[in-house]
Amino acid sequence: RDIANIIILFALLVIAIATILGIETYGARALLVRLVIVALLVNFSFLLTTAVIFTTNALAVELYNQIAPDTAFTSWLFGLRFQNDIAGKILSVFNPQQLLLPQAATKVADYGAGDALKQAFGVLTFQGTAAIIIPFVAFVLAVSAFFFITRLVFLWLLIVLAPFGFALLVLPATRGVATTWWRKLIDQSIFAPVFMFMLAITIVI
């Protein structure tokens, strides 16, 4: 923020000199109003950026609380008490242990014809499908956890660079960089509520 303020002050100084000397290069006077507005936004950049992040996080938390209400638990690793046990909810609806029980596969096979070959084929198909689904679900959840960790790092970096996300809006030549910063901020911010929404739909189905 301080670096961005120094750049803005230097730009104001250039505009002042250009005005005194009657030089209209780069449309100095036209940039003055935009520069003053950007200067105000730069000094509130931390507040504005965190407001966007907190808003999307609040939506994600609300969706999270709807997935597994009233299932508070304490983490064995850090001793932290969470409001909801989302992992327990996923396990309760998915129940991977039941997929691998021989009784479950036999019950599915009993719906078919009575010959032993068809029942054996049903059991093998059921167990094979379970052997594919369980690692796939574990992989999806592991990748999701990785994305949430990288999201945190990205948001920290975007908060640090927030003043430039506002300051670079002044000139057309640098507006593309500022647009990229805003796009990254929105993408990383809405990832959490979108993921929680899709996870809620998945659990319901």
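Values quoted throughout were computed directly from the atomic coordinates according to the rules given, and no laboratory measurement underlies them. These figures come from a predicted structure and were not determined experimentally.
What is region 123-205 by shape, rounded, prolate or oblate, if you read a ≥ b ≥ c off the alpha carbon gyration tensor as root eigenvalues and call it rounded for a/c under 1.5, prolate for a/b larger than b/c, and oblate otherwise?
On the way: a/c = 3.84, a/b = 3.45, b/c = 1.11.
Judged from the Cα gyration tensor, region 123-205 comes out prolate (a/c at least 1.5, a/b above b/c).
In sequence order, what are the phi-derived ³J(HN,Hα) couplings for region 184-195 according to the Karplus relation 6.51 cos²θ - 1.76 cosθ + 1.60 with θ = phi - 60°, rounded to whole Hz, with x for glycine and proline?
Karplus values, whole Hz, x for Gly and Pro: 5, 4, 5, 4, 5, 6, 7, 4, 5, x, 5, 4.
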